[in-house]
Amino acid sequence: MAEKNPNSSPSVSGKVFDWAVLRRVLKFAKPYRFLLRAAAVLSIALGAVTTLRPYLVKVAVDYAVEEQNLTMLHWSIALLVSALVVEAIGQWFFVLATNELGQRVIRDVRVRLFGQLLHFNTSFFDSTPVGQLVTRTVSDVETMADIFAEGLLVIFGDLFKIFLMIAAMFLLFDAGMVAVSLSVIPILFLATRWFQKSIKSAFTDVRNQVAALNTFVQERITGIAVVQLFGREAKEASRFEAINERHRDANIKSIWYFSLFLPIIDMLSALSIGLAIWYGGWRSLVDPGSVSIGDLTALTLFINMLYRPLRQLADRFNTLQMGMVASDRVLKLVERDDQLERPGAHRGSKVMGSVEFDKVSFAYQEDQPVLHEVSLSAKPGEMLALVGSTGSGKSTLISLLAGMYHPNSGEVRVDGVAVKDWNFADLRSRYALVQQDVFLFSDTVRNNVTLYRPIPDSDIMTAAEAMGIKDFLLSLPGGLDYDVQERGGMLSTGQRQLLAFLRAYLVNPDVLILDEATSSVDSQSEAWIQKATETITAGRMSIVVAHRLATVLHADRIAVLEHGRVVEQGSHSALLKAGGAYANLYAKQFFGSQEA
C-alpha cells in the first residue's frame, strides 16, 4: 500500500486557453452543434440588450427628467423594464442551453472513457492506482462540463459584452471622458495576465491532490482488514492527515490568488468611476452643455456594467482553468492506445482446445524475467497440470493464455493461432477461469453466477445439483436472490469458490482454467469442487494450476516449473518413477519428508 506521488502528473503550460485541449474537447460537442450555436447567438443577443439599458437611462434623464416630459419618462421606463424582462428570459435559455450541452458532452465522454478502460491491457492497471482512475472517470469528467456551462461560452459572451459596451461608450459620450475613465485598463490587463498564469498552476496542483486523496482513501478502505489486523489505524490516519493538509494547502493557494485579484478589480472599478466624474465635472464647468447629467449617470452605469463581467472573468477563468486541467487528464486516457488486441483479429465461434506454449519468455519488468523459453502443449480433451513453488511462473502462463499480456519472445497458440492474433472477445468467451481469489460483484447469487446472462433458474439449480452444491444454494437466505455484498463479503472463501465453479460450469467452456482453485477451501468444499472438476473437465481441454497435488493426480500431463523454467513433465506415475522434482514435491505433501 505504497503512497503514490501526488505530483507525478505532467506540468502545465500556463496558458489560459490551451487550444490543443479545447479542440479535442470540442470534438465531443459536434453532435450537439445546435445547442452550441444557440448558446453563442443568445450570448450575443444578451450583450446587445445589456448595452441598451444605460442608454435608456440616459434618455430618461436627459429627455424626460430634464425636460419634464412625463410621457417620455413613461416610455423610457417601459422600455427599460422590457429590456430587463427580455434579458432575464434570454439568460434563462442561455443557462439551460449551456448546461444541457455540458451534460450531454460529459455523458458521451464518460461512456467513451469507461469503454476504453474496459479494454485496456492488464499492465496498465498494474501501474495505475484505482483511486486515480475513479477520479478521472467521475470527478474530472464532471469538471469538464463546466467548460460549457460556466466557462467557454460565458467568457465569449462576457468578452463580446465588454467590446460592445466600450464601443457604445465612445459612440455616445465625449471620447476624452471615456478615455480618461478607461485609462486604468492596462493595469487590469497586467493583473489578469498574472492571475491567469498563477491560477492554472494552482489548479493543476489541486487536481493532483484530489487524485492523491482519492487513491489513498480507496486503497485503505479496500485493504481495511490488513490495516486493522496489523494495528496501523493511527499511522494511516497520520498519513491521511498529511495528504489532506497538502490538499488544503493547494486549495488555499488557489484561493489566495483569487482573493487578491478581486480587490484589484474593485479598486480599478472605483478608480474608473472617480476619473469619469472628475473629468465630466471639469468639462461641464469649463464648457457648459458639453457633458450632461444623463451622460455622467449613463457612463457610471456603463463602467459598473463593464467591470462586472471583468470581475466575473476571474470566476470564469477559474472554472475554465479547472475544466482545461481536468479535460487534459481525461482525454489522455480517452485517446490512449493501450489495448493488446490487434485490428482484424482472428475470429472463431468455437475453440477446439489445442494449446501450445512455444519457447515463451516473459517479464513484467525488463530486468526481472519471470518465464524462460517455456515450451508446453496440450491437445483437445486433455488435462494439463502446472505445479511448482510460489513464484515459479504458473499463473503468468495463465495470464498469457488469456491474452492479459503478450510474451516478450516466443508464442502462445490456441488452435494453431497465436493468442495475440485472436479476437479476444471470441477467445475469452470460450474460456472459463476459476481463480484462488474469487471476485464477486455486490449483487445476487443469480447475477454473479450467470454474469447477467439470461439463464433460467431451473438450469442453474440443475447445474448446482450436478456439482453437488444444490443444498448449499438452498441454505442461503433467499437462495439465488441472496445478496453477497461487496466482493462477496457475506460468504466464506470456500463458498465464493463454489460459486466461481458454478459460474464456470454454466459457461460450458471449451477450455477450463483452474488457477489454485482449491488452495483455500476446507475438505468438504474440496470434495464438492473435485466432483465438479471431474464433471466440467470431461471431454474438454483443461489447465489446472495447483499446490495440492491430490487435485492433479489424474492429469494427462503434469509440468513442473522452477524459477520460470519447465524442469520436467509427464504423467503422475512417470514423474514419480523419475524421482525428480515432482517426486520430491509429492513426498513433502503426502509423507512430510524432505526427500523423495
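The values are calculated or read from the model by the stated rules, or taken from the named source; none is laboratory data. If you're wondering where the values come from, they're calculated on a predicted model, not measured in any experiment. Note: ideal-geometry Cβ built from the backbone for every residue, glycine included; neighbour counts use all protein chains shown. Just the protein is used for accessible areas: all its heavy atoms, side chains included, with ligands, DNA and RNA removed. Shrake-Rupley method; radii C 1.70, N 1.55, O 1.52, S 1.80 Å.
What accessible area per residue, rounded to a whole number of Å², is obtained for segment 70-127 using a probe radius of 1.4 Å? Write down the numbers at each step before the final one.
Numbers: 3550 Å² over 58 residues.
It amounts to 61 Å² per residue over segment 70-127.
List the GluC sites (Glu not before Pro) within segment 353-408 that fall in a DSSP loop (any state other than H, G, I, E or B) and whose Cβ has at most 12 other Cβ atoms within 10 Å.
Values: sites: Glu356, Glu366, Glu373, Glu382; in loops: Glu366, Glu382.
Passing both the DSSP loop test and the Cβ count: Glu366.
Tell me which of His372, Met404, Thr450 sits at the most positive position along the dipole axis of segment 364-466, charges placed on C-beta atoms (Lys, Arg +1; Asp, Glu -1).
Thr450
Residues of segment 270-325: accessible area per residue at 1.4 Å, in Å²?
Details: 2320 Å² over 56 residues.
On a per-residue basis, 41 Å².
Apply 1/(1 + (r/R0)^6) to the Cβ-Cβ distance of Ser139 and Asp421, taking R0 = 41 Å, and write down the FRET efficiency to the nearest 0.05.
On the way: r = 38 Å, r/R0 = 0.94.
So, using R0 = 41 Å, E works out to roughly 0.60.
Taking amide H positions as placed 1.01 Å from N in the peptide plane, with prolines and chain starts having none, which residues 5 or more places from Ser375, or on another chain, fall under 5 Å of its amide H?
When sequence neighbours closer than 5 places are left aside, the close amide H contacts are Lys359, Val360, Val566.
Report, for segment 383-527, the % of DSSP beta bridges that are antiparallel, rounded to 5.
Values: 3 of 8 bridges.
Roughly 40 percent of the beta bridges in segment 383-527 run antiparallel, per DSSP.
Apply the Karplus curve 6.51 cos²θ - 1.76 cosθ + 1.60, θ = phi - 60°, to the phi angles in segment 467-477 and return the couplings in whole Hz, x for Gly and Pro.
For segment 467-477, the Karplus curve yields 7, x, 10, 4, 4, 4, 5, 5, 6, 6, x Hz.
Roughly speaking, to the nearest percent, how much of the chain's 1.4 Å accessible area is carbon and sulfur?
Numbers: 16880 of 29080 Å².
Carbon and sulfur: 58 percent of the exposed surface of the chain.
Run the helix sum for the chain: -39,500 (n - 2.57) per DSSP H stretch of 4+ residues, divided by residue count, reported at 222 nm to the nearest 500 deg cm²/dmol.
Numbers: 21 runs with 355 residues, N = 596.
So the helix-based figure for the chain works out to -20000 deg cm²/dmol.
In degrees, nearest 10, range 0 to 90: what is the angle between the Cα axis of helix 185-222 and the longest Cα principal axis of the chain?
Approximately 20 degrees, to the nearest 10.
Output the pairs from Lys30/Lys200; Lys30/Lys161; Lys253/Lys332; Lys30/Lys420 with a Cα-Cα distance over 32 Å in this structure; if there are none, say none.
Numbers: Lys30/Lys200 27 Å; Lys30/Lys161 26 Å; Lys253/Lys332 26 Å; Lys30/Lys420 35 Å.
In this structure, Lys30/Lys420 exceed 32 Å between Cα atoms.
If I model a spin label as a point 7 Å beyond the Cα along the Cα-Cβ vector, how far apart are those points for Asp266 and Val95 in nm?
About 2.4 nm separates the two model spin labels.
Hey, quick one: spin label on Met461, modelled 7 Å out along Cα-Cβ, who in segment 485-507 has an amide N within reach, i.e. under 18 Å?
Residues 502-503, 506 fall inside that zone.
So if we plug the beta-carbon distance of Ser442 and Ala179 into 1/(1 + (r/R0)^6) with R0 = 51 Å, what FRET efficiency do we get, rounded to 0.05? Intermediate values should be presented prior to the final figure.
Working: r = 68 Å, r/R0 = 1.32.
Plugging the Cβ-Cβ distance into 1/(1 + (r/R0)^6) gives 0.15.
Measuring from label point to label point, each 7 Å out along Cα→Cβ, what is the Gln365 to Ile44 span in nm?
About 5.9 nm, to one decimal.
Quick one: if you stick a label point 7 Å off each Cα along the C-beta vector at Ala242 and Asp556, how many nm between them?
Computed distance between label sites Ala242 and Asp556 equals 5.6 nm.
Only Lys, Arg, Asp and Glu count, each charged at its Cβ (+1, +1, -1, -1), so figure out the dipole size of segment 23-168 about its Cα centre, rounded to 20 debye. Present the calculation step by step, with values, prior to reporting the outcome.
Numbers: 14 positive and 12 negative charges, 162 e Å.
So the magnitude is around 780 debye.
Using the crude model of +1 on Lys and Arg Cβ and -1 on Asp and Glu Cβ, and no other charge, please compute the dipole size for the chain relative to its Cα centre, in debye to 20.
Numbers: 57 positive and 60 negative charges, 179 e Å.
It works out to roughly 860 debye.
With contacts defined as alpha carbon pairs under 8 Å and 6 or more residues apart, what's the relative contact order of the chain in percent?
That works out to 15 percent.
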